[in-house]
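The values are calculated or read from the model by the stated rules, or taken from the named source; none is laboratory data. A quick note: this is a predicted structure, and the numbers were derived from the prediction, not measured. Neighbour counts are summed over all protein chains in view; Cβ atoms, including those assigned to glycine, are modelled from backbone coordinates with ideal geometry. Ligands, DNA and RNA are excluded from the accessible area calculation, which covers all protein heavy atoms including side chains. Shrake-Rupley method; radii C 1.70, N 1.55, O 1.52, S 1.80 Å.
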Amino acid sequence: MQDTDIIALYFERDEQAIEKTDEKYGAYLKKIAFNILCDVFSSEECCNDTYFKVWNSIPPTVPVCFRAFIARITRNLALDKYKAQGATKRGTVTESLDELSECVGEDTISRELDSKDIGAAISDFLKKESESARIIFVRRYFYCESIKDIAFRLGMTEGAIKTSLSRTRQKLSIHLKARTVFI
Amino acid sequence: MNEDNINGAKTLLKAMSYIDDDIIEEAAEPYKRRSFGIRQGAGVAACVALIAITAAVLYATLGNNLYTGNSNSADGSAGNSNGLLGNTDDTYYVNGASLTPIGKSGNRYTFTLSITEKQERIDVSLYGSGVDEYGNDIFVISTTAPYAELTHIPIARPKITVDGKAADEIPTDVGEYEITVDFSDIDMSKYLMRNYFTVYPFGNIFR
């Protein structure tokens with residue numbers, strides 16, 4: 001079923017919308033949640049919360065890109081849950097935070113900017129990067145995938161993935177300083 | 001690492017949720033190696049031209065003997081460069097182990113594995129891509145399934161035979177083994193399968 005058809009079901013308040021979303025994207029969303037939470041039960045719970053939130057958001061929202069829209073919701077819910085659980089498990093999120101803190105370095109992030117502003121600045125930066133560097137970066141820091149998974153998916157070595165991430169983080173740091181995100 | 005550092009990292013990780021849809025989408029798509037850009041293409045063209053000129057000069061200097069006089073050498077080098085299964089000149093080495101593809105029958109591949117130092121893991125994986133009706137974008141056939149649970153990557157396992165006996169995994173202990181990996185029962189029709197295996201830790205071997 002096409003995404004536009006699924007969105008139409010939400011607009012019609014047809015509960016099949018959730019069923020079809022789960023059928024088409026359930027595994028994709030569970031994977032995003034699992035990468036963050038490292039727990040099967042919490043990941044499933046997070047997916048159910050996503051469907052509830054999507055049901056309440058459409059209408060009035062008309063997502064331009066449905067898959068990215070629901071992925072973003074799942075990611076935010078999973079990160080909230082991760083925070084609420086006290087972030088005890090050492091997983092990709094902990095590793096990502098360690099890596100991104102290198103990127104922040106001695107700087108602090110401007111308090112005048114919210115997450116959306118910073119997200120826009122990161123988007124501008126990523127669009128100028130090579131396709132492979134961008135995909136690796138997004139798979140690591142949006143999808144919170146392990147280095148091993150990314151290497152596996154892209155048919156590259158783990159070393160090549162780490163090198164790419166390190167270079168992209170360094171360049172991002174410079175970009176965010178220039179955009180006064182880092183002060 | 002101080003508190004500001006960590007808070008900054010948390011802010012960046014949170015902000016990643018707000019990157020543009022097209023960037024999120026692009027990374028969710030099956031990855032395809034893109035065609036070469038002009039610069040890389042020019043580089044490749046220059047290398048090809050250089051090899052062609054060198055070959056022509058050598059041919060003119062040494063005559064046909066260069067190619068006809070030593071067929072083993074020519075076959076061997078071709079085999080090593082593309083790693084074709086069935087070419088017995090191919091052996092792949094890592095510290096403490098070597099792997100020699102020795103034959104192919106349909107979708108059954110046979111290797112000789114020689115281990116002189118215990119290996120952490122050895123596995124054969126074959127990847128395919130192509131979105132199926134469930135939105136799965138990559139298909140993996142692997143002798144081990146490290147990603148089996150809760151992944152949107154579907155995983156299938158080929159049959160493994162070690163010295164003629166069915167086995168669950170490829171051995172990693174010291175010894176000489178004949179390994180057969182059989183993909184015959186796996187439906188790969190929905191996916192565009194890569195034309196090489198990834199044999200960890202040996203590298204990629206063309207099918």
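Take B:Val124 and decide whether it is at pLDDT 80 or above, open to solvent by 20 Å² or more (accessible area, probe 1.4 Å) and out of contact with any helix residue (DSSP H, G or I) (no Cβ under 9 Å at 6 or more places or on another chain). Show your work before the answer.
Values: at pLDDT 80 or above: yes; open to solvent by 20 Å² or more (accessible area, probe 1.4 Å): no; out of contact with any helix residue (DSSP H, G or I) (no Cβ under 9 Å at 6 or more places or on another chain): yes.
Judged against the criteria, B:Val124 is not a match.
Scan A:Ala8, A:Ala17 and give me the residue that is modelled with pLDDT of 90 or more, buried (at least 18 other Cβ atoms within 10 Å of the Cβ) and closer than 23 Å to A:Val64 by Cβ.
Working: A:Ala8 fails: buried (at least 18 other Cβ atoms within 10 Å of the Cβ).
From the options A:Ala8, A:Ala17, the qualifying one is A:Ala17.
Given (1) open to solvent by 80 Å² or more (accessible area, probe 1.4 Å); (2) over 30 Å from A:Arg134 (Cβ atoms); (3) at pLDDT below 65, identify the lone condition not met by B:Ala78.
Going through (1) open to solvent by 80 Å² or more (accessible area, probe 1.4 Å); (2) over 30 Å from A:Arg134 (Cβ atoms); (3) at pLDDT below 65 one by one, B:Ala78 breaks only (1).
Hey, can you tell me all the residues within the range A:122-139 that are at the interface with chain B (Cβ under 8 Å from one of its Cβ atoms) and over 24 Å from B:Phe197 (Cα atoms)?
Across the range A:122-139, the qualifying residues are A:Ile122, A:Ser123, A:Leu126, A:Lys127, A:Glu131, A:Arg134, A:Val138.
Which residue is nearest to A:Glu99 (Cα to Cα), if the candidates are limited to the range A:140-162 and must be open to solvent by 60 Å² or more (accessible area, probe 1.4 Å) and more than 10 Å from chain B (Cβ to nearest Cβ)?
Ranking the candidates gives A:Lys162 first.
Any residue at all in the range A:30-44 that is closer than 14 Å to A:Ile70 by Cβ, in a helix (DSSP H, G or I), open to solvent by 40 Å² or more (accessible area, probe 1.4 Å) and of a type in the set (Val, Ile, Thr)?
Scanning the range A:30-44 turns up no residue that is closer than 14 Å to A:Ile70 by Cβ, in a helix (DSSP H, G or I), open to solvent by 40 Å² or more (accessible area, probe 1.4 Å) and of a type in the set (Val, Ile, Thr).
For the range B:178-206, which positions are more than 20 Å from B:Ile115 (Cβ to Cβ) and hydroxyl-bearing (Ser, Thr, Tyr)?
B:Ser184, B:Ser189, B:Tyr191, B:Tyr196
Which of the residues spanning the range A:163-183 are among the small types (Gly, Ala, Ser) and surrounded by fewer than 17 Cβ atoms within 10 Å (Cβ to Cβ)?
Correct list: A:Ser166, A:Ala178.
Can you tell me how many residues within the range A:108-118 are farther than 13 Å from B:Ala9 by Cα and without any contact (Cβ under 8 Å) to a residue 24 or more places away in the chain?
Residues in the range A:108-118 being farther than 13 Å from B:Ala9 by Cα and without any contact (Cβ under 8 Å) to a residue 24 or more places away in the chain: 4 in total.
If we keep just the residues of the range B:1-51 that are open to solvent by 70 Å² or more (accessible area, probe 1.4 Å) and at pLDDT 85 or above, which is nearest to A:Leu172 (Cα to Cα)?
B:Lys10
Among B:Thr144, B:Thr161, which is modelled with pLDDT of 90 or more and surrounded by 15 or more Cβ atoms within 10 Å (Cβ to Cβ)? Before you say what the answer is, go through the steps one by one.
Numbers: B:Thr144 fails: modelled with pLDDT of 90 or more.
When all the criteria are applied, what remains is B:Thr161.
For the range A:50-70, check the following and say yes or no: at least one residue is at pLDDT 90 or above and in contact with a Lys or Arg (Cβ under 8 Å, 6 or more places away or on another chain).
no
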